[in-house]
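Participant: Below is the structure I would like to discuss, written out as structure tokens.
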Amino acid sequence: MSNIDFSQPQRQSVKGLVLIFLQEGRRGLQAFWPVIVGILFAKHSGKKILIIGAFVLLAVILTLIHTILYFRAFRFHIENQQFILKKGYLSRKTLTIPLDRIQNVNTNQTVFQQFLGVMSVEIDTAGTSQKELKISALTKPVAVQLSRILSSYIEVQPAESGEAVRTAPPEEKLVMQLTNRDLLKIGISQNHLKTAVILFFFGIQFYNQVQQYFKEKAAEYAHEATVFLSQSGWAILISLVIFFLLVSLLYSMVRTAILFYDLRFYKLSQSYRIVSGLLTRKNVLIPFRKIQQLNWETGPIKKLFGIYKVNILQATSGVAVKTALIEMPGCLDQHIEGLKSDLFGPDELKDQPVIRSSRVYFRRTWIYKGWIPAILFSPLLLLNWLYVFLLITWILFMLIYSLLTLKKSYFQVSHGQIRVSSGAIEHHFKQMEFHKVQHLEFSQSIFYKKHGVASLRIGNASGFIRLPFIDERIARALHDYLLYYAETSDRVWM
């Protein structure tokens, strides 16, 4: 592969014209799909059909002209330790990104991009005011070479001069690769109840949009469904719930395969690289120094399979959230230990005492999530005696849930790190270093002050860690220590 001179302005591949045209057409369909559906199902005379056809043809021509002008105006190059991109034909825009501000350089390739023989390069500048920058249609040699050049600047720490240092591409070590069997385990161990709730509310939102254009039919079908459910017995309702959970299971399996197919986790000298995806093949570089927090979790089914789900959190400015969290399921114990060793060094938290939340946390959880909902739904007892059984079951379930929440709510702290445990059915862990702390929040209501407890939120550039209902003296001491550490530490947070 010949070297490309990126000091000279470069354009996207000519094949990108097709991709840009289809992307603009898709945006139009997404914005006006209800109107389009209404037009398609409405009755039209021959004259109206000609008028509609003329409007469609005009829209296609305007989109084609926009595509050509946008393509010709889109150029990028590297100059004076900066990546410069110019775009726009009516309003010219120039984006300038210092190379040492680049958070990630990722390459993606959808199925259609594979057909065209092009790739997209995403340059994430999370932690600054810049948005994620995306070049959608580069040939594979150009995309790979540009990605390697930019990645070589962010693989190591900046020099003392403050300028990014370019190094030779480091050697990679394959740490983990997911097989089809691993994907099956991951899909089965997902939170299917949560997925079912999401699908349910998505269905309601879809119904509300359709109802605006098919009011009579939608109302008629909704009435028939309501009558059917009201006249059905418990067996039908339970069958519908089981069916909905099975649909959720299928959705989780398909989603897992699409997102994490052939996931490969590589370790470089000072960063990780993750390649995954079925329909869209993503290639993500994660420098160690820009990782703000490490999260991992397990659950009953995950424990049975001996796997964890890991989330690696990077700095984000709020406009590039989707690239701030890197999800990596199917990890084993040795992978968790390796991540902690790479990011935090020797485990100095292992021998530290466990500090638990107060029993006030248990009482609050049981009251707010158990008794208050039961009281609100108590009028249902007048309709059917079976609701008595359901409400008692709910209160007992939330009793167990609250006890598990208290049992798993604890943290360990050392001179420069903290590890927090939380969860009820699932078990979540979060770990971060103190020099990455960005803000603190000490909270204590009058009621909790009476019981001598308080809550503490420790924020970083990717989110926060919460310590709920801990001893007030410990909360204040930790709060003051973190403020002192932030003022005296000379370590950079990114």
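Participant: From the list Thr405, Thr393, which residue is in contact with a helix residue (DSSP H, G or I) (Cβ under 9 Å, 6 or more places away or on another chain) and hydroxyl-bearing (Ser, Thr, Tyr)?
Facilitator: On the way: Thr393 fails: in contact with a helix residue (DSSP H, G or I) (Cβ under 9 Å, 6 or more places away or on another chain).
One residue alone meets the criteria, Thr405.
Participant: I'm checking my understanding of the structure. Among residues of the range 247-277 that are β-branched (Val, Ile, Thr), within 18 Å of the chain's Cα centre (by Cα) and part of a helix (DSSP H, G or I), which one is nearest to Cys331 (Cα to Cα)? Step through it out loud before you land on a result.
Facilitator: Initial filter on the range 247-277 (β-branched (Val, Ile, Thr)): 247, 254, 256, 258, 274-275.
Restricting the remaining residues to those that are within 18 Å of the chain's Cα centre (by Cα) gives 254, 256, 258, 274-275.
Keeping just the survivors that are part of a helix (DSSP H, G or I) gives 254, 256, 258.
On the way: Val254: 19, Thr256: 14, Ile258: 18 Å.
The qualifying residue nearest to Cys331 (Cα to Cα) is Thr256.
Participant: Here are some residues: Leu245, Leu250, Leu278. Which one is more than 20 Å from Val144 (Cβ to Cβ), surrounded by fewer than 16 Cβ atoms within 10 Å (Cβ to Cβ) and touching a His at 6+ places or on another chain (Cβ under 7 Å)? Before the answer, list the steps.
Facilitator: Numbers: Leu250 fails: touching a His at 6+ places or on another chain (Cβ under 7 Å); Leu278 fails: touching a His at 6+ places or on another chain (Cβ under 7 Å).
Residue meeting the stated conditions: Leu245.
Participant: Residues that are within 22 Å of the chain's Cα centre (by Cα), buried (at least 19 other Cβ atoms within 10 Å of the Cβ) and under 20 Å from Tyr484 (Cβ atoms): does the range 412-421 have at least one?
Facilitator: Quick first cut of the range 412-421, residues within 22 Å of the chain's Cα centre (by Cα) only: 419-421.
Checking the rest, the ones that are also buried (at least 19 other Cβ atoms within 10 Å of the Cβ) come to 419-420.
Still in the running and under 20 Å from Tyr484 (Cβ atoms): none.
Scanning the range 412-421 turns up no residue that is within 22 Å of the chain's Cα centre (by Cα), buried (at least 19 other Cβ atoms within 10 Å of the Cβ) and under 20 Å from Tyr484 (Cβ atoms).
Participant: How do the pairs read when you match residues in the range 235-258 that are under 16 Å from Leu386 (Cβ atoms) with residues anywhere that are part of a helix (DSSP H, G or I) and small (Gly, Ala, Ser), using Cβ under 9 Å and keeping only pairs 6 or more apart or on different chains?
Facilitator: Within 9 Å, the pairs are Val241/Ala196.
Participant: In the list Leu268, Leu313, which residue meets the criterion of being modelled with pLDDT under 90 and surrounded by 18 or more Cβ atoms within 10 Å (Cβ to Cβ)?
Facilitator: Working: Leu313 fails: modelled with pLDDT under 90.
The match here is Leu268.
Participant: On to the next question. Could you tell me whether any residue of the range 423-439 is of a type in the set (Gly, Ala, Ser) and within 24 Å of the chain's Cα centre (by Cα)?
Facilitator: Applying the first criterion (of a type in the set (Gly, Ala, Ser)) to the range 423-439 yields 423-424.
Narrowing further to those that are within 24 Å of the chain's Cα centre (by Cα): 423-424.
Yes, the range 423-439 has at least one match.
Participant: Test Ile135 against the criterion of being out of contact with any strand residue (DSSP E or B) (no Cβ under 8 Å at 6 or more places or on another chain), at pLDDT 90 or above and not basic (Lys, Arg), and give yes or no. First the steps, then the outcome.
Facilitator: Numbers: out of contact with any strand residue (DSSP E or B) (no Cβ under 8 Å at 6 or more places or on another chain): no; at pLDDT 90 or above: yes; not basic (Lys, Arg): yes.
In short, no.
Participant: Does Ser462 satisfy the criteria of being outside the structural domain of Pro373 (by TED's automatic domain parsing), under 25 Å from Lys194 (Cβ atoms), touching a residue at least 60 places away in the same chain (Cβ under 8 Å) and within 25 Å of the chain's Cα centre (by Cα)? Reasoning before the result, please.
Facilitator: Details: outside the structural domain of Pro373 (by TED's automatic domain parsing): yes; under 25 Å from Lys194 (Cβ atoms): yes; touching a residue at least 60 places away in the same chain (Cβ under 8 Å): yes; within 25 Å of the chain's Cα centre (by Cα): yes.
In short, yes.
Participant: Let me ask something else. Checking the structure you have, find out if any residue of the range 331-352 is buried (at least 20 other Cβ atoms within 10 Å of the Cβ), part of a helix (DSSP H, G or I) and among the hydrophobic types (A, V, I, L, M, F, W, C).
Facilitator: yes
Participant: Quickly run through the range 158-192 and pick out the residues that are part of a helix (DSSP H, G or I) and either modelled with pLDDT of 80 or more or loosely packed, with under 11 Cβ neighbours inside 10 Å (or both). Step through it out loud before you land on a result.
Facilitator: Of the residues in the range 158-192, the ones part of a helix (DSSP H, G or I) are 180-188, 192.
Listed by number, the residues that qualify are Asn180, Arg181, Asp182, Leu183, Leu184, Lys185, Ile186, Gly187, Ile188.
Participant: On to the next question. Checking the structure you have, find out if any residue of the range 310-324 is closer than 20 Å to Asp124 by Cα, assigned to a strand (DSSP E or B), free of Cβ contacts under 8 Å to residues at least 24 places away in the same chain and of a type outside the set (Val, Ile, Thr). Talk me through it step by step, then tell me what you get.
Facilitator: Going residue by residue through the range 310-324, those that are closer than 20 Å to Asp124 by Cα are 311-324.
Next, only the ones that are assigned to a strand (DSSP E or B) stay: 311-314.
Pick out the ones that are also free of Cβ contacts under 8 Å to residues at least 24 places away in the same chain and you get 311.
Remaining after also requiring of a type outside the set (Val, Ile, Thr): 311.
Yes, that holds for at least one residue.
Participant: Take the conditions crowded, with 21+ Cβ neighbours inside 10 Å, of a type in the set (A, V, I, L, M) and at pLDDT 95 or above and apply them to Leu263. Does it pass? Give the steps one after another, and end with the answer.
Facilitator: Numbers: crowded, with 21+ Cβ neighbours inside 10 Å: yes; of a type in the set (A, V, I, L, M): yes; at pLDDT 95 or above: yes.
Spelling it out, Leu263 is indeed crowded, with 21+ Cβ neighbours inside 10 Å, of a type in the set (A, V, I, L, M) and at pLDDT 95 or above.
Participant: On to the next question. Give, as residue ranges, the strands (runs of 3 or more DSSP E) completely inside the range 423-494 that count at least 2 residues that are within 30 Å of Cys331 (Cα to Cα). Explain how you work it out, then say what you get.
Facilitator: Working: elements: 427-433, 439-443, 453-460, 463-471.
Counting at least 2 such residues, we get 427-433, 453-460, 463-471.
Participant: Is it true that some residue in the range 85-96 is out of contact with any Gly (no Cβ under 8 Å at 6 or more places or on another chain) and either at pLDDT below 85 or crowded, with 21+ Cβ neighbours inside 10 Å (or both)?
Facilitator: We begin by selecting, within the range 85-96, every residue out of contact with any Gly (no Cβ under 8 Å at 6 or more places or on another chain); these are 85-96.
If we keep only those that are either at pLDDT below 85 or crowded, with 21+ Cβ neighbours inside 10 Å (or both) too, we end up with none.
Looking for residues that are out of contact with any Gly (no Cβ under 8 Å at 6 or more places or on another chain) and either at pLDDT below 85 or crowded, with 21+ Cβ neighbours inside 10 Å (or both), one finds none in the range 85-96, hence no.
Participant: How about the range 289-312: which of its residues are within 14 Å of the chain's Cα centre (by Cα) and basic (Lys, Arg)?
Facilitator: Within the range 289-312, just Lys309 meets the criteria.
The values are calculated or read from the model by the stated rules, or taken from the named source; none is laboratory data. Bear in mind the structure is a predicted one, so any value in this text is a computation, not a measurement. Every residue, glycine among them, receives a Cβ derived from its backbone with ideal geometry; neighbour counts consider all protein chains shown.
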